[in-house]
Amino acid sequence: MSDTPKAMNGAESVVRSLHAAGVDVCFANPGTSEMQFVDALDRTKLMHCVLGLFEGVVTGAADGYARMARKPAVTLLHLAPGFANAAANLHNARKARVPMVNLVGDHALRHQKYDAPLSADVEGACAPFSDWVKSGTDAGSFAADAMEALRVAKGKPGRIATLIAPADIGWDEGGRTASEVAPEGPAPLDESLLDKAVEMLAPGAKTAILVGNSVLEDTEALKLLEGIAEKTGATVIAPTSSRRTERGQGRAPLPKIPYPIDEAIACLAPYERAILIEMLPPVAFFAYPGKPSLLLPEGCAQLTLTGVDGDGQAAVAALADRVGAKPGTGDSPAMPARPQSGAITLQNIGAALANALPEDAIVIDEAVSSGGATYPSGDMARPNTWLALTGGSIGIGIPLSAGAAIACPDRPVITIQADGSAMYTIQGLWTQAREGSNVTTIILANQSYAILKHELHNVGAQPGEDALNMLNLDRPHLDFVALAKGMGVSGRRVEDVADLMRAIEDAAREPGPYLIEAML
Ligand SMILES: Cc1ncc(C[n+]2csc(CCOP(=O)(O)OP(=O)(O)O)c2C)c(N)n1
Ligand SMILES: [Mg+2]
């Protein structure tokens, strides 16, 4: 009887409908108000359920999963406090334009007026970190709401859709499954803008083509962009951080806008014209005294050929066609010499990574102040997929890699992880261990919030004792190998660059997670 539509509860109707629409992974940290979902997931056995021991792990993992699977996972979160814990990594996912459906439990409708301990303004908590929020109203329409959330999430660009689930509509009978609704987008290419872009590529001025999002995920589009650059003399540039970039030998390498403000301004200063494809006009991470917020120089003619809601790959193909460009013929940067024994430094770590990154690796980049040294390795290494921190909200690397590994269990995942950022969501290692994921976490142990020391300098201050106490992590010393061991992940500490390379190579070959604490 329990399988007949009449007896189905609201939670089960949501699980069945999401699954029928292709959602088959649930990242969860449930509480009492989500028990009917836990039960529905258990009874139906339709989804791979992955437990995160903190909500920021749940949303970071759902982000990594979506970037690699190119479809949303569903998350299960507990009321406003659970959502608040999830928010920082949801912010990153939102900036990445990643599709995600959140189910956030709430008190039963009749219970909401009593100000019970866990009650709060759930919609208000969810709104700033979601593109769409709705609270379910009854068991019969609950699955249709979930399908609307999925439609919003899967549009172009991808969006964060949050469906609030009062406990009673989950447990009430009368749930009715609903069918998938076609998502919106992408926006069609505007031929008149294409004409203008072709004009901007004519000789006579220095032109930049700024490309983001799905273009960077497509090796053919990247090769075509290289061809357009070869044909027209334009320069192709990527944003400072992108959700997913196909990189490595045989692929077209792209410079990106550097993070440091002066370098960012210098990078774009030469251009008189800029064509934007699936990206917004580039903006500095922060404002600084006497420096501009917008990075393209004043007077630079700008054209958005396709916004983030458009089909960038199609725009690149159309542009190549119009200027008569073929796929580019450029060579990848050469593999650097394998560093010999010696201390691990920002001077040799890029070459070490380039040599040690395995073929087809998924590289998770939360290198923070070491990023300038580690990022170039992605172009020199064997073919790889590079996932970056998109929203500047640190603490994403370990969860992002856990989710990417769930999406691609046959690919090695290598996390380049700054130490301070690691501590926000270190418990993601436990999820990696439980799922048996082949993730190698390289902790860049510089024992400080190094980047903030630069930023202190940028505002013209000299660090005194109290400032350094807020920026140094060496007292007490963080023992990452011990932390990992406590969560079921083996590891070792390395101080020598040759050992670092061997450790990465060994760990990537072995199944299961491993942690390497690289002393910088
Ligand atoms: C959620 C969040 N909290 C705080 C910050 C501010 N913040 C930016 S970088 C940073 C420290 C980074 O230290 P670490 O991860 O060790 O990288 P390093 O600078 O040492 O390379 C902090 C606290 C932030 N960006 N996001
Ligand atoms: Mg650090």
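Is it fair to say residue 188 is under 30 Å from residue 302 (Cα atoms) and under 21 Å from the mean Cα position of the chain (by Cα)? So residue 188 does not fit the description; no. Which of the residues that make up region 409-421 are more than 7 Å from ligand 1 (Cβ to nearest atom) and either assigned to a helix (DSSP H, G or I) or touching a strand residue (DSSP E or B) at 6+ places or on another chain (Cβ under 8 Å) (or both)? Scanning region 409-421 gives 411, 412, 413, 414, 415, 416, 417. The residue that is farthest from ligand 2 (Cβ to nearest atom), among those in region 59-81 that are within 12 Å of residue 122 (Cβ to Cβ) and touching a strand residue (DSSP E or B) at 6+ places or on another chain (Cβ under 7 Å), is 79.
Restrict the check to region 416-424 and report whether at least one residue is aromatic (Phe, Trp, Tyr) and open to solvent by 10 Å² or more (accessible area, probe 1.4 Å). Yes, there is a match, as at least one residue in region 416-424 is aromatic (Phe, Trp, Tyr) and open to solvent by 10 Å² or more (accessible area, probe 1.4 Å).
Among the residues of region 400-414, is any more than 16 Å from ligand 2 (Cβ to nearest atom), farther than 30 Å from residue 290 by Cβ, among the charged types (D, E, K, R) and touching an Asp or Glu at 6+ places or on another chain (Cβ under 7 Å)? Yes, region 400-414 contains a residue that is more than 16 Å from ligand 2 (Cβ to nearest atom), farther than 30 Å from residue 290 by Cβ, among the charged types (D, E, K, R) and touching an Asp or Glu at 6+ places or on another chain (Cβ under 7 Å). Number of residues in region 472-491 that are within 15 Å of ligand 1 (Cβ to nearest atom) and open to solvent by less than 30 Å² (accessible area, probe 1.4 Å): the value is 1. Here region 372-390 is the region considered, the condition is being within 19 Å of residue 88 (Cβ to Cβ) and either open to solvent by less than 20 Å² (accessible area, probe 1.4 Å) or touching a Phe, Trp or Tyr at 6+ places or on another chain (Cβ under 7 Å) (or both), and the residue that is nearest to ligand 1 (Cβ to nearest atom) is 388.
Considered as a group, the residues in region 310-328 that are more than 30 Å from the chain's Cα centre (by Cα) and assigned to a loop (DSSP other than H, G, I, E, B) include one that is surrounded by the most Cβ atoms within 10 Å (Cβ to Cβ), and that residue is 325.
The numbered conditions (1) open to solvent by 30 Å² or more (accessible area, probe 1.4 Å); (2) touching a Phe, Trp or Tyr at 6+ places or on another chain (Cβ under 9 Å) are all true for residue 70 except (2).
Looking at region 52-157, the helices (runs of 4 or more DSSP H) lying wholly inside it that each contain 3 or more residues that are more than 27 Å from residue 427 (Cα to Cα) sit at 139-153. Residue pairs whose Cβ atoms lie under 7 Å apart, separated by 6 or more positions or on different chains, with the first residue in region 441-453 and more than 26 Å from residue 405 (Cβ to Cβ) and the second of a type in the set (Gly, Ala, Ser) and more than 6 Å from ligand 2 (Cβ to nearest atom), are 450/369; 451/369.
Only one entry of 162, 219, 207, 177 meets the criterion of being modelled with pLDDT of 95 or more, among the hydroxyl-bearing types (Ser, Thr, Tyr), farther than 18 Å from residue 277 by Cβ and in contact with a strand residue (DSSP E or B) (Cβ under 9 Å, 6 or more places away or on another chain), and that entry is 162. Residues in region 331-354 that are out of contact with any helix residue (DSSP H, G or I) (no Cβ under 6 Å at 6 or more places or on another chain) and either touching a residue at least 60 places away in the same chain (Cβ under 8 Å) or open to solvent by less than 10 Å² (accessible area, probe 1.4 Å) (or both) were compared, and the one that is farthest from ligand 2 (Cβ to nearest atom) is 332. When region 355-371 is filtered for residues that are within 16 Å of ligand 1 (Cβ to nearest atom) and open to solvent by 10 Å² or more (accessible area, probe 1.4 Å), the ones remaining, listed by number, are 365, 368, 369, 371.
The values are calculated or read from the model by the stated rules, or taken from the named source; none is laboratory data. Computed from a prediction, not measured in an experiment: that's the story for all the values here. Backbone-built Cβ (ideal geometry, glycine too); neighbour counts: all protein chains shown. For the accessible areas, the whole protein counts, side chains as well, though only heavy atoms, and no ligand, DNA or RNA atoms are used. Shrake-Rupley method; radii C 1.70, N 1.55, O 1.52, S 1.80 Å.
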